[in-house]
Amino acid sequence: MPILEGKGVTRYFGGLAAVSNVDFQVEQGEVLGLIGPNGAGKTTLFNLISAAIVPRSGNITFKGKGITGLKPYQICRMGLARTFQTVKVFGNMPVLDNVLLGAFFGREGYVSPADARATAGDALDFVGLTHTAGALAKDLTLANQKRLEVARALATRPEVLLLDEMMEGLNATEVNRAMELVRMIHEKGITVVMIEHVMKAIMSVCGRIMVLHHGAKIAEGTPQEVAANKTVIEVYFGERADA
Amino acid sequence: MEKKTSKRVFAIGLTLLILALAAAVPVYAPVYTVILITSILMYMIIAVSWTIFSGPTGYISLASAAFFGAGIYTAAILGSAVPLPLVILLGALVSSCLALLVGGLTLRLKGIYFVMFTFGLVELLLHFILWWEVTMCGTTGRVVPPAGNATVFYAMLTILVVLILTVFLIRRSRYGMALQSVGENEEAAAHAGVHVTALKVVIYSVSALFMGAAGAAMATRWTYIDPRIAFNPLISFVPVLMAIFGGIRPIYGPIIGAAIFTYLEEFLITRFPYYYMLIFGIIMVVAILYMPDGLVGLTRRVWKRMSRSRHAHT
């Protein structure tokens, strides 16, 4: 049984179908890539899964339970965490507090301060930001702010992690480090769904890829299958085919 | 580390000293001073409890007068039936229940909409109670059984001490951290597991708790109240200005702001009765323009510059 599943998920913005009738399955432990041209509905799909917005129709189940209609904090506490396309760190709070917040509130039930500190410390260590713990989050580089978001999400002890364009705006070295981080998260046994435009990262890190275009799913499969898919080449790599 | 603990001991010592001095005021000071300090304490309570919620979240609430007035009316209605501590406690409860209700309805609103609604609430309550008193009771005002000046003074002091302890507890707790994260980025806080709405509503009602208590205590000193006195819009604005003037972030910011402001008002009103509002306004404009972090922030900046130049000489 898939750990995360969507059936007929649909959401309109005005008359525009941002996500229309999308079915998806995410298997436990996999790294699923979500790609598509700008405006394809990738982030909207993330927002629908994490309950930032409510679908107009369709159902999303997580660990066999329907989660449509729940609030973001409930979904987070069930074990589904996310990061944001434009970083949303708590800029005027210390790096450690950013992560502590996830540790304190991201799980069901009472979390003791000692437990939260240990979890936050581990998460910071995992993404390699321990040395910045006392700095204000806004003073970090973009790459490190993105890693901080990952640490905050990991501190909530998720089973599924949604990464929204973690590598956007990073330089080559930072992209490599980010790819390494995704592999480490995967090795921890956490299921990852990632939106990405950096093809190198998608092709090497993801076990499976799903392609969205104009809000609809147009292809799905291994990186090789997707790269060879005719429809995908038309809509996604279309410019190159014309040239 | 050692420097930090000695600083803390100093702060606690200083606080206790100020408290002891304050507690002795009714014993040795003239009545005028006692009354003046009572109203300073009242403003301190409202300004500090305003910052509990509005400081970290950035939701500017102008409903202070409504919560304060709810306390006043509780005292006016129950005043003669129950002893003063209970009156204050009930005033606090009534006003925090009001905040729960209002918060639940309005904390979905953001920015200017929230500000407008909270201010509208003051007017709404004012006119509702005015209508009620006129149609149901046939009068507009009520007499509140007076408590002595010293009693009200001690009541205010106690409320302020409890308030300061509460602020410390909240700030040190995970909820203080969560509240700050809501101010930083509400969406991210929600996706990190914070039940944002519940948190905001509860903290909002905690801040109203103390405003209501202050109102109930103050009513027993004013002895006559009517809706226009109880729901005076200035009570919504002035404490906000005090908090901004003093500095919102550190807890002593609004305390210092309230003390200076109240004293300044008293001073100007007696010396320059015709110009006092004008002078007051100019001071406020200058404060907002040149002291973004309030008096406390300004002092820190000056202190830093001074210590830097001292280092430069050595």
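Determine, yes or no, whether residue A:22 is in contact (Cβ under 8 Å) with a residue 12 or more places away in the chain and in the same structural domain as residue A:149 (by TED's automatic domain parsing). Criteria not met by residue A:22. Taking the criterion of being away from chain B (no Cβ under 12 Å) and either under 18 Å from residue A:106 (Cα atoms) or surrounded by fewer than 24 Cβ atoms within 10 Å (Cβ to Cβ) (or both), the residues of region A:151-166 that qualify are A:159, A:160, A:163, A:165.
Kindly indicate whether any position in region A:46-57 is under 15 Å from the mean Cα position of the chain (by Cα), of a type in the set (S, T, N, Q) and either within 18 Å of residue A:219 (Cα to Cα) or outside the structural domain of residue A:85 (by TED's automatic domain parsing) (or both).
As a first pass, look at region A:46-57 and keep what is under 15 Å from the mean Cα position of the chain (by Cα): A:46-52.
With the extra rule that they be of a type in the set (S, T, N, Q), the set shrinks to A:47, A:50.
Now restrict to residues that are either within 18 Å of residue A:219 (Cα to Cα) or outside the structural domain of residue A:85 (by TED's automatic domain parsing) (or both): A:47, A:50.
Looking through region A:46-57, at least one residue is under 15 Å from the mean Cα position of the chain (by Cα), of a type in the set (S, T, N, Q) and either within 18 Å of residue A:219 (Cα to Cα) or outside the structural domain of residue A:85 (by TED's automatic domain parsing) (or both).
Summed over region A:78-103, residues that are in a strand (DSSP E or B) and facing chain B (nearest Cβ under 9 Å) total 2.
The set of residues in region A:67-77 being without any contact (Cβ under 8 Å) to a residue 24 or more places away in the chain and outside any loop (DSSP other than H, G, I, E, B) consists of A:72, A:74.
Exactly one residue out of A:101, A:142 is of a type in the set (A, V, I, L, M) and surrounded by 24 or more Cβ atoms within 10 Å (Cβ to Cβ), and it is A:101.
For region B:162-255, which fully contained helices (runs of 4 or more DSSP H) count at least 2 residues that are in contact (Cβ under 8 Å) with a residue 40 or more places away in the chain and within 14 Å of another protein chain (Cβ to nearest Cβ)? Spell out how you get there, then give the answer.
Values: elements: B:174-184, B:186-191, B:196-222, B:227-230, B:234-246.
The helices (runs of 4 or more DSSP H) meeting that bar are B:174-184, B:196-222.
Within region A:51-60, can one find any residue that is crowded, with 22+ Cβ neighbours inside 10 Å, at pLDDT 95 or above and within 13 Å of chain B (Cβ to nearest Cβ)? No, every residue in region A:51-60 fails to be crowded, with 22+ Cβ neighbours inside 10 Å, at pLDDT 95 or above and within 13 Å of chain B (Cβ to nearest Cβ).
For residue A:171, the conditions (1) farther than 20 Å from residue A:76 by Cα; (2) more than 14 Å from every other protein chain (Cβ to nearest Cβ); (3) crowded, with 17+ Cβ neighbours inside 10 Å are fulfilled apart from (3).
The number of residues in region B:143-161 that are in a helix (DSSP H, G or I), over 15 Å from the mean Cα position of the chain (by Cα), crowded, with 19+ Cβ neighbours inside 10 Å and of a type in the set (Val, Ile, Thr) comes to 1.
State the number of residues belonging to region A:104-120 that are part of a helix (DSSP H, G or I) and more than 7 Å from chain B (Cβ to nearest Cβ). Residues that pass the stated criteria total 8. When region B:71-102 is filtered for residues that are touching a residue at least 60 places away in the same chain (Cβ under 8 Å), closer than 18 Å to residue B:152 by Cα and of a type in the set (Gly, Ala, Ser), the ones remaining, listed by number, are B:71, B:75, B:76, B:79, B:80, B:91, B:92. Taking (1) small (Gly, Ala, Ser); (2) within 14 Å of chain B (Cβ to nearest Cβ); (3) more than 18 Å from residue B:175 (Cα to Cα) in turn, residue A:66 satisfies each apart from (2).
Residues of region A:2-59 being at positive phi and either among the β-branched types (Val, Ile, Thr) or assigned to a loop (DSSP other than H, G, I, E, B) (or both), which ones?
If the condition is that a residue be at positive phi and either among the β-branched types (Val, Ile, Thr) or assigned to a loop (DSSP other than H, G, I, E, B) (or both), then A:14, A:29, A:36, A:39, A:41, A:51 are the ones that fit.
For region B:256-291, a residue qualifies if it is more than 21 Å from the chain's Cα centre (by Cα), in a loop (DSSP other than H, G, I, E, B) and either polar (S, T, N, Q) or buried (at least 18 other Cβ atoms within 10 Å of the Cβ) (or both), but none of them does.
Only residues that are modelled with pLDDT of 85 or more and either basic (Lys, Arg) or more than 25 Å from the chain's Cα centre (by Cα) (or both) were counted across region B:10-27, and they come to 1.
The values are calculated or read from the model by the stated rules, or taken from the named source; none is laboratory data. What you see is a predicted model; the values in this text were computed from it and never measured. As a convention, Cβ positions derive from the backbone with ideal geometry for all residues, glycine included, and neighbour counts pool all protein chains shown.
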